[in-house]
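Participant: Pasting a structure below so you can have a look.
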Amino acid sequence: MRIFYRITPVSVLFFRDPKPFTAGEQSLGRLLFPPRLTPFLGALRTKLLEDRAKAEGRKIPEIFNNYEQQLRSISIIWFSIIKDNKPLLPLPFDTFTKWQPLTDDRFVFEKASDKEQMLKVPISNLKAYKTSSNPASYITIEGFCEYQNGSIPFADELFKTTELWEFENRVGITLNPELKTTERSKFYRLTVARLKQGVSFLVGVEHDDRIDLPETFTTCLGGEGHIAVWEKEDKVSGQLTEKLPHFKEIVALTHIPIKNTENPGFEIQNWCINKLDIISGWDYREHRPKPLVKALKPGTVITAKRSGNVTPCKAYEIDFDRVKLTVIKNLTLSMKEEKIYLTGFTPDLGEPDSLFIVKN
């Protein structure tokens, strides 16, 4: 079953980056914005656990194992920002950067997240055209369709981040956990994000038919206990396609992790990226953060050639009233014999989905 939600924060949002931070011990908590899928997927799964625990009169750790499979069945098939009822996508990087071939001098060595061996990770040295100090970062669905067809989008189809959100600084002080009094000299500062009027998140959710998700509810979202309202969005729908569509170019809708995986499915011929992000996640079973991994940023454009191996990923057709886009779920980057591949994978519990939009 699939349902789309419009998610509107009640106040500000704080999504901490993966750098270690303990309030009072470090002075600055850094913000990662726009956010990844992890907090949204985690909030929805936590909502399910809280409802089950309340109905059974038990605590969440006591029922976790009973509902683990249902938690795994909840995944995300769409993630974007919506402004004044217009869904916005990350602006593809090849609209403002130059394509460059993959060459050996663009490689550096990084430590792998799940093995001790060194993982060779490609880094781009592309530079954005300096058209303005704050260039556009998002594009409407209609503008993206023009981009798919090789046309130049109109100016009113592009949005700067300053039109979507603004940043605010907050100062806090830690409490003594035993005496509940303020600790001396333990101030810290947070940077939070406040969405502009009419701006929300649009999230498409797929889940097991046995799970009955409400149409309207509230959850905590991000750090600092901030609240967001989830409301069913009827103007958007999605369905699973029968087979993986043929493609040569795809655009990253979310962060795309770089991992050590086998059985490459699509050999990357070329790409257009700005830089890599460091990301992490939360391990539900171990109750601790997951190892850090490098990831491509949303808006990355990739050209790929299919290899002989079958790639176990899914494709969805997302219908925005009069416009349809094809989305491929759960492809990750891997290295094999000095070449870069897109490989299908199944996210572990606590890991977010990854989404690509088919360009051609």
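Participant: Inside the range 146-174, can you point out the residues that are crowded, with 16+ Cβ neighbours inside 10 Å, under 14 Å from residue 33 (Cβ atoms) and in contact with a Ser or Thr (Cβ under 6 Å, 6 or more places away or on another chain)?
Facilitator: 161
Participant: Could you tell me whether the range 28-39 includes any residue that is closer than 25 Å to residue 216 by Cα, at pLDDT below 90 and in a helix (DSSP H, G or I)?
Facilitator: The answer is yes, given that some residue of the range 28-39 is closer than 25 Å to residue 216 by Cα, at pLDDT below 90 and in a helix (DSSP H, G or I).
Participant: Only one of these is closer than 30 Å to residue 29 by Cβ, basic (Lys, Arg) and surrounded by fewer than 17 Cβ atoms within 10 Å (Cβ to Cβ): 275, 235. Name it.
Facilitator: Residue meeting the stated conditions: 275.
Participant: Given the range 42-135, what strands (runs of 3 or more DSSP E) lie entirely inside it while holding 1 or more residues that are crowded, with 18+ Cβ neighbours inside 10 Å and either of a type in the set (A, V, I, L, M, F, W, C) or at pLDDT 55 or above (or both)?
Facilitator: Result: 75-83, 86-90, 118-122.
Participant: Another question, then. Of the conditions (1) within 14 Å of residue 191 (Cα to Cα); (2) modelled with pLDDT under 90, residue 20 satisfies every one except a single condition; which number is it?
Facilitator: That leaves (1) as the condition not met.
Participant: Moving to a separate point now. Which pairs do you get when a residue that is over 10 Å from residue 221 (Cβ atoms) and of a type in the set (D, E, K, R), found in the range 5-17, comes within reach of a residue that is assigned to a strand (DSSP E or B) and at pLDDT 90 or above, reach meaning Cβ atoms under 8 angstrom, with the pair 6+ apart or on two chains?
Facilitator: From residues that are over 10 Å from residue 221 (Cβ atoms) and of a type in the set (D, E, K, R), the pairs are 6/82; 6/200; 6/201; 6/202; 6/230; 6/231; 6/232.
Participant: What single numbered condition from (1) closer than 19 Å to residue 50 by Cα; (2) touching a strand residue (DSSP E or B) at 6+ places or on another chain (Cβ under 8 Å); (3) surrounded by fewer than 18 Cβ atoms within 10 Å (Cβ to Cβ); (4) not polar (S, T, N, Q) fails to hold for residue 205?
Facilitator: (3)
The values are calculated or read from the model by the stated rules, or taken from the named source; none is laboratory data. No experiment lies behind these values; they were computed from the predicted model shown. Heads up, the Cβs are rebuilt from the backbone with ideal geometry, glycines too, and the neighbour counts pull from every protein chain shown.
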